[in-house]
Each structure stands twice: as C-alpha cells, then as structure tokens.
Amino acid sequence: MNDDTFVGRLAGPPETAVIGVVVPVPEPWATLLVDWRTKVGDPQATIVPPHVTLLPPTEVPVGDRAAVAEHLAAVAACHPPFDMHLSGTGTFTPVSDVVFVTVARGIGNCELLATDVRQGPLERSLSFPYHPHVTVAHDVPPGMLELAYSGLQDLSAEFRVDHFTEFEQTPSGTWAIARTYPLTGPEH
C-alpha cells in the first residue's frame, strides 16, 4: 500500500488523533476527479477530496495538537504561494496498484513543503520516497486502473496554491478539515 493514501485506519488510543496535511485540488477539477474515482469504483472516492499529500495519515497525541498547529502555521509562513499544473497520468504499478494524476509544475514546492511539514512535532519517515501526485484509482480491479489511466491522460489543470489543509480523521473514518494554513512566505 502507498503510505500517503488517506484510507481508513484502525482507531488508536483515545488520546491520539490521526491527521494528514494536503494541498487540495480546487474546483472544477476536484469534482471531475471525484467523479472519476467514483466511476472506477474506488472505495475512497468520497472519503477525502482530491489532493496532493504533504503529510500522510499520522497519529499525534491530542495533547500535541496546539504544537502541531503552531508548527504548521510557521511552515506556511515560510512558503510563498505557487502555481501548480496537473497534467496526464502515471502509475505506481507493480509496486502499488495506484493510478494518479501527475504534478507537472509545483513538484519542488510540494517537496519543500512536505519536508518542512514532516519536522518538529510531525517528524516521521516515509515507507516510499516522496512523490507528489493526485491519486485517482486505488484498490480497484486492473481494468478500472486502466480506465482511469487512459481516461485522464489528457487532463490539464492549472491553479494557484495559496494554502494547505490539515485534515483529521473522524471516528467514522472520514476526513474532516481541521484547519487551513495560508502560504504567506516571501516570493523568491
């Protein structure tokens, strides 16, 4: 399994929360990508909105939530807004049966953000090297992986990224927005 997938997790101790940090994909592309995930039968289609992961689902002590928010606000204050271009599709097969939309512009910005987010109270290692992308098919039959791969290969979505979002997993397993963090760092 790809460690940046926002899938249901077993509930941890009551004194922990499971959070993730993402760059959300805005409309009209978000609805288009949800529709595609639904079309190919992806069980996560409506659980969390389309996004580029900065911090995969991570357990944090509830008592550390204030420090986490302070850390994320400091990270956001160091990074300026940037342009993102999603273009075409890719896959992690055979390592993981995932089809994704490729980040064609904004890769470096996501890498820098992800590295900074995964410091301090959110320090953690990853099971796989960080690769910014937008998952569009996971845990679906091979024919549906191919449909997502070919059906979205001509996608081109360009937008300005001016914030990132912290999600928290609810007791029902869905993901809810905990907070958004505006990118206010100086332009380079």
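Residues that are under 20 Å from VAL99 (Cβ atoms) and among the aliphatic types (A, V, I, L, M): which strands (runs of 3 or more DSSP E) entirely in segment 120-188 hold 1 or more of them? Give the steps one after another, and end with the answer.
On the way: elements: 133-138, 156-161, 163-169, 175-182.
Because the criterion is at least 1 residues that are under 20 Å from VAL99 (Cβ atoms) and among the aliphatic types (A, V, I, L, M), the strands (runs of 3 or more DSSP E) in segment 120-188 that meet it are 133-138, 156-161.
Taking segment 61-111, which residues are among the β-branched types (Val, Ile, Thr) and either out of contact with any Pro (no Cβ under 7 Å at 6 or more places or on another chain) or closer than 13 Å to VAL23 by Cβ (or both)? Let's see the steps before the verdict.
Filtering segment 61-111 down to residues among the β-branched types (Val, Ile, Thr) leaves 62, 68, 75, 89, 91, 93, 95, 98-99, 101-103, 107.
Passing the criteria: VAL62, VAL75, THR89, THR91, THR93, VAL95, VAL98, VAL99, VAL101, THR102, VAL103, ILE107.
Looking across segment 63-76, the residues that are surrounded by 13 or more Cβ atoms within 10 Å (Cβ to Cβ) and in contact (Cβ under 8 Å) with a residue 12 or more places away in the chain come down to ASP64, ARG65, ALA67, VAL68, ALA69, HIS71, LEU72, ALA73, VAL75, ALA76.
Results for (1) under 20 Å from VAL95 (Cβ atoms); (2) surrounded by 21 or more Cβ atoms within 10 Å (Cβ to Cβ); (3) hydroxyl-bearing (Ser, Thr, Tyr), shown as yes or no for each residue.
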site	(1), (2), (3)
SER127	yes, no, yes
TYR130	yes, no, yes
PRO141	yes, no, no
GLU146	yes, no, no
GLU158	no, no, no
THR165	no, no, yes
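Go through segment 39-54 residue by residue and tally those that are free of Cβ contacts under 8 Å to residues at least 40 places away in the same chain and assigned to a helix (DSSP H, G or I). Summing the residues that are free of Cβ contacts under 8 Å to residues at least 40 places away in the same chain and assigned to a helix (DSSP H, G or I) in segment 39-54 gives 0.
So which of PRO57, PRO80, PRO13, PRO26 ends up being modelled with pLDDT under 95 and in a loop (DSSP other than H, G, I, E, B)? Reasoning before the result, please.
Values: PRO57 fails: in a loop (DSSP other than H, G, I, E, B); PRO80 fails: modelled with pLDDT under 95; PRO26 fails: modelled with pLDDT under 95.
None of the others qualify; the one that does is PRO13.
Contact annotation: residue pairs with Cβ atoms under 7 Å, 6 or more positions apart or on different chains, pairing a residue in segment 77-95 that is without any contact (Cβ under 8 Å) to a residue 60 or more places away in the chain with a partner that is surrounded by 15 or more Cβ atoms within 10 Å (Cβ to Cβ) and among the polar types (S, T, N, Q), are GLY90/THR102. Taken together, the criteria exclude LEU86 from residues that are more than 30 Å from ALA67 (Cβ to Cβ), at pLDDT 95 or above, crowded, with 17+ Cβ neighbours inside 10 Å and more than 18 Å from the chain's Cα centre (by Cα).
The values are calculated or read from the model by the stated rules, or taken from the named source; none is laboratory data. None of the values given here were measured: they were computed from a predicted structure. We place every Cβ from the backbone using ideal geometry, glycine too, and count neighbours over all the protein chains shown.
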